[in-house]
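**Student:** Can you keep this structure in mind? I'll have questions shortly.
The values are calculated or read from the model by the stated rules, or taken from the named source; none is laboratory data. Please read all numbers here as calculations on a predicted model, not as lab measurements. Cβ placement follows ideal geometry from the backbone for every residue including glycine, while neighbour counts extend to all protein chains displayed.
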Amino acid sequence: MDIKKFVAQRKALRLSQVKLSAGICTQATLSKFERQGRVPSLAILEQLCARLGLTVDDLNEEQATSVTKMREQLDKVEDQLMMADYRTVLASLNAIDETKIDAVPLKMQFYYLRGMLNSLINKEPDDILFDFSRILNGYDEKHETIFTQLAYVGSGVLYQRRDQLAKAKFYFTKTYRYVQRALVTTHEETGNDYLRLLTVVFYTAEFYALAGDFTTSNDLVNAGVLLCSNKHVTYYLPRLKFLAAENAVKQHQDDATIQRLMNETLAFARINHNEVVEVKLGALRSRYEQKMGNDAE
């Protein structure tokens, strides 16, 4: 709350604390507000502001602007994470002072982003799990928001990358069940939640591919592609199509199918300027063509 703005307006109108508070509250109440930041009841504050030609919203305007800026900043980082631009994400998160994040949804978003990034770049497990525990055991204790599922995904990725697949499966089983329910009600998703749902879909599909369950993985990929189509977004299409191509190669599908999926991956990667997927696709195509060449000899 911008108390300085309140005081400046009172002094500009040449009103003493005694005159301003007359008939509204005691001069001591007003003094404690101006000097110590002890906010009076809303009814009193509204009357004091009205006498100064202000509103309570005017005093909160700076805080609201700060929240908006922080939301925009975190949303941008989330976009970068969806593009697998980990170096930029790391720099962006390091530039954010977490102590200045007041809104609970933004706190959860920050801890998810930092925990997920650290999972993906193989940072220390204790730090990663602590960030996710802030969501699961603190801000979303009832596990009602999408951030709980994202915390599960990040925890699963952590164990998956350490080849502890049984522990990873514990979390991805939860997210798979969630996805099955959520895909039925995607029309209810608001804001960035459908993009976050795509994050859950992608990493869950990636885990099942790693576990050799290509049927489940491909079902999730197809569901993700359909969700992208329904929501008219392309962020995840390069990664989903790449996973589909990778699965097709591992399943020894016909060459026409594999080439089609690789070409679709490349097209969507270029549309989204996703250089990471382009590089990964180039490596996959090279391995595939080398294998095809060896098989032909």
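**Student:** When you go through VAL179, VAL184, VAL153 one by one, which is the residue that is closer than 26 Å to LEU90 by Cα, part of a helix (DSSP H, G or I) and among the aliphatic types (A, V, I, L, M)?
**Tutor:** When all the criteria are applied, what remains is VAL153.
**Student:** I'd like to know if the stretch 70-77 contains one or more residues that are modelled with pLDDT under 90 and farther than 30 Å from LYS280 by Cα.
**Tutor:** The answer is yes, given that some residue of the stretch 70-77 is modelled with pLDDT under 90 and farther than 30 Å from LYS280 by Cα.
**Student:** Quick one: is LEU74 under 13 Å from the mean Cα position of the chain (by Cα) and either surrounded by 15 or more Cβ atoms within 10 Å (Cβ to Cβ) or free of Cβ contacts under 8 Å to residues at least 12 places away in the same chain (or both)?
**Tutor:** It is true that LEU74 is under 13 Å from the mean Cα position of the chain (by Cα) and either surrounded by 15 or more Cβ atoms within 10 Å (Cβ to Cβ) or free of Cβ contacts under 8 Å to residues at least 12 places away in the same chain (or both).
**Student:** Determine if the stretch 146-157 includes at least one residue that is among the polar types (S, T, N, Q), in contact (Cβ under 8 Å) with a residue 12 or more places away in the chain, out of contact with any Asp or Glu (no Cβ under 7 Å at 6 or more places or on another chain) and surrounded by fewer than 19 Cβ atoms within 10 Å (Cβ to Cβ).
**Tutor:** No, every residue in the stretch 146-157 fails to be among the polar types (S, T, N, Q), in contact (Cβ under 8 Å) with a residue 12 or more places away in the chain, out of contact with any Asp or Glu (no Cβ under 7 Å at 6 or more places or on another chain) and surrounded by fewer than 19 Cβ atoms within 10 Å (Cβ to Cβ).
**Student:** Of all residues in the stretch 27-39, count the ones that are modelled with pLDDT of 90 or more, exposed (fewer than 13 other Cβ atoms within 10 Å of the Cβ) and not small (Gly, Ala, Ser).
**Tutor:** So the answer is 0.
**Student:** Return a yes/no flag: does the stretch 277-288 have any residue that is hydroxyl-bearing (Ser, Thr, Tyr) and within 26 Å of the chain's Cα centre (by Cα).
**Tutor:** no
**Student:** Same structure again: Can you tell me which residue among THR185, THR173 is farther than 16 Å from MET82 by Cβ and modelled with pLDDT of 95 or more?
**Tutor:** THR173
**Student:** Go through the stretch 225-261 residue by residue and tally those that are buried (at least 16 other Cβ atoms within 10 Å of the Cβ), in contact (Cβ under 8 Å) with a residue 24 or more places away in the chain and of a type in the set (A, V, I, L, M).
**Tutor:** Matching residues across the stretch 225-261 total 8.
**Student:** OK, next. In a helix (DSSP H, G or I), at pLDDT 90 or above, more than 11 Å from the chain's Cα centre (by Cα) and under 22 Å from TYR203 (Cα atoms): which single residue out of ARG114, ARG87 fits that description?
**Tutor:** ARG87
**Student:** Considering only the stretch 87-97, state which residues are in contact with a helix residue (DSSP H, G or I) (Cβ under 6 Å, 6 or more places away or on another chain) and either surrounded by fewer than 16 Cβ atoms within 10 Å (Cβ to Cβ) or basic (Lys, Arg) (or both).
**Tutor:** THR88
**Student:** Give LEU113, LEU120, LEU42 a once-over and let me know the one that is surrounded by 20 or more Cβ atoms within 10 Å (Cβ to Cβ) and in contact with a helix residue (DSSP H, G or I) (Cβ under 9 Å, 6 or more places away or on another chain).
**Tutor:** When all the criteria are applied, what remains is LEU113.
**Student:** Please work out which residue is nearest to LEU281 (Cα to Cα), limiting yourself to the stretch 243-269 and to residues that are among the acidic types (Asp, Glu) and part of a helix (DSSP H, G or I).
**Tutor:** Restricting to residues being among the acidic types (Asp, Glu) and part of a helix (DSSP H, G or I), the top hit is GLU246.
**Student:** Tell me, which residue of the stretch 277-297 that is surrounded by 16 or more Cβ atoms within 10 Å (Cβ to Cβ) and of a type in the set (A, V, I, L, M, F, W, C) is nearest to ASP85 (Cα to Cα)?
**Tutor:** Among those residues, the one meeting the criterion is VAL277.
**Student:** Only one residue in GLN164, GLN160 is assigned by TED's automatic domain parsing to the domain that holds ASP85, in contact with a helix residue (DSSP H, G or I) (Cβ under 7 Å, 6 or more places away or on another chain) and not aromatic (Phe, Trp, Tyr). Which one?
**Tutor:** GLN160
**Student:** Among the candidates ILE135, ILE128, ILE96, single out the residue that is closer than 25 Å to TYR236 by Cβ, part of a helix (DSSP H, G or I) and more than 14 Å from the chain's Cα centre (by Cα).
**Tutor:** Exactly one residue qualifies, and that residue is ILE128.
**Student:** Yes or no: PRO105 surrounded by 15 or more Cβ atoms within 10 Å (Cβ to Cβ), part of a loop (DSSP other than H, G, I, E, B) and on the phi < 0 side of the Ramachandran plot?
**Tutor:** no
**Student:** Looking only at residues in the stretch 18-69 that are touching a residue at least 40 places away in the same chain (Cβ under 8 Å) and part of a loop (DSSP other than H, G, I, E, B), which one is nearest to SER92 (Cα to Cα)?
**Tutor:** Among residues in the stretch 18-69 that are touching a residue at least 40 places away in the same chain (Cβ under 8 Å) and part of a loop (DSSP other than H, G, I, E, B), the one nearest to SER92 (Cα to Cα) is LEU54.
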